[in-house]
1. Just checking, how many residues over the range 19-71 are touching a residue at least 24 places away in the same chain (Cβ under 8 Å), under 30 Å from residue 174 (Cα atoms) and among the acidic types (Asp, Glu)?
2. For residues that are over 23 Å from residue 34 (Cβ atoms), part of a helix (DSSP H, G or I) and either aromatic (Phe, Trp, Tyr) or modelled with pLDDT of 95 or more (or both), tally how many sit in the range 140-171.
3. Please enumerate the residues belonging to the range 23-63 that are open to solvent by 70 Å² or more (accessible area, probe 1.4 Å) and at positive phi.
4. Could you tell me how many of the residues in the range 142-194 are more than 19 Å from residue 73 (Cα to Cα) and of a type outside the set (Phe, Trp, Tyr)?
5. Out of 62, 28, 71, which single residue is at pLDDT 95 or above and in contact with a strand residue (DSSP E or B) (Cβ under 7 Å, 6 or more places away or on another chain)?
6. Sort through 114, 137 and tell me the only one that's at pLDDT below 95, assigned to a loop (DSSP other than H, G, I, E, B) and touching an Asp or Glu at 6+ places or on another chain (Cβ under 9 Å).
7. Within the range 64-79, count every residue that is in contact with a Lys or Arg (Cβ under 9 Å, 6 or more places away or on another chain) and either buried (at least 22 other Cβ atoms within 10 Å of the Cβ) or not charged (D, E, K, R) (or both).
8. Filter the range 148-162 down to the residues that are open to solvent by 40 Å² or more (accessible area, probe 1.4 Å), under 13 Å from the mean Cα position of the chain (by Cα) and over 24 Å from residue 175 (Cβ atoms) and list them by number.
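The values are calculated or read from the model by the stated rules, or taken from the named source; none is laboratory data. Since the structure is predicted, the reported quantities are computational estimates derived from the model, not experimental observations. Don't worry about glycine lacking a Cβ; one is built from the backbone with ideal geometry, like all the others, and counts go over all protein chains shown. SASA here: full protein model, heavy atoms, side chains in, ligands and nucleic acids out. Shrake-Rupley method; radii C 1.70, N 1.55, O 1.52, S 1.80 Å.
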Amino acid sequence: MRLVAVFGSPRQGGCSDTLAEAFLDEAQRLEVQIERFRLSKLNYRGCLGCGLCKTDRAECVQRDGLTPVLQAVRECDVLLVASPVYFLDVSSQTKGFIDRCYSFCAPQIVGSPFRVRLSEGKTVVFVVTQGADAESFTDLPNRYRFVFDMIGFARIHVIRGCGLGFKKDAVTRRKDLLIDARKTARKVIFMAGL
């Protein structure tokens, strides 16, 4: 099994990173192959809306730091995307990556039986952390569930850390979240057939 982890926080070692690493530590303990990408270290642009990925080219035509990430996503069994909430949404780094995943949609997105270009059976784990309480930004996980489904991830698991404030190490004091991340890892890996 191949797992690709995409870290969208510009603050390395922050809450979303820590929660994602709890998941990845458990996956690694279960001998899953993991490849990590830190978006803030890559030089890339967001989607240009050129539409060339909806032709016979079948992939994003931009060649930049995100190219190997998109190729890894195409080949993985499980994708983990981790992001903090910044100004009411995922980080701009994460959003840029997700926008480029539009290239995984086939030319006829709506009403087409072959609407995605990814192989079937992929799973995504969406790790999102926020300083605000759980009542805030409740639409965010559902919005991205829809997006991940649209680009071809049939199984979607959300790990959401709320009420963390703005301290970088806040997740380390929330054992419940770390336990949830590890349990989710076991569940995802079991469901994926390892």
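1. Residues meeting the conditions: 4.
2. Total satisfying the criteria: 1.
3. 31
4. Just the residues of the range 142-194 that are more than 19 Å from residue 73 (Cα to Cα), to begin with: 142-143, 159-184, 186-187, 190.
Cutting the leftovers down to of a type outside the set (Phe, Trp, Tyr) gives us 142-143, 159-165, 167-184, 186-187.
Total meeting the criteria: 29.
5. Numbers: 62 fails: in contact with a strand residue (DSSP E or B) (Cβ under 7 Å, 6 or more places away or on another chain); 71 fails: in contact with a strand residue (DSSP E or B) (Cβ under 7 Å, 6 or more places away or on another chain).
The match here is 28.
6. Details: 114 fails: touching an Asp or Glu at 6+ places or on another chain (Cβ under 9 Å).
It is 137.
7. Residues of the range 64-79 that are in contact with a Lys or Arg (Cβ under 9 Å, 6 or more places away or on another chain), as a first pass: 64-66, 69-70, 72-79.
Those left that are additionally either buried (at least 22 other Cβ atoms within 10 Å of the Cβ) or not charged (D, E, K, R) (or both): 65-66, 69-70, 72-73, 76, 78-79.
Residues meeting the conditions: 9.
8. Selection gives 149, 155.
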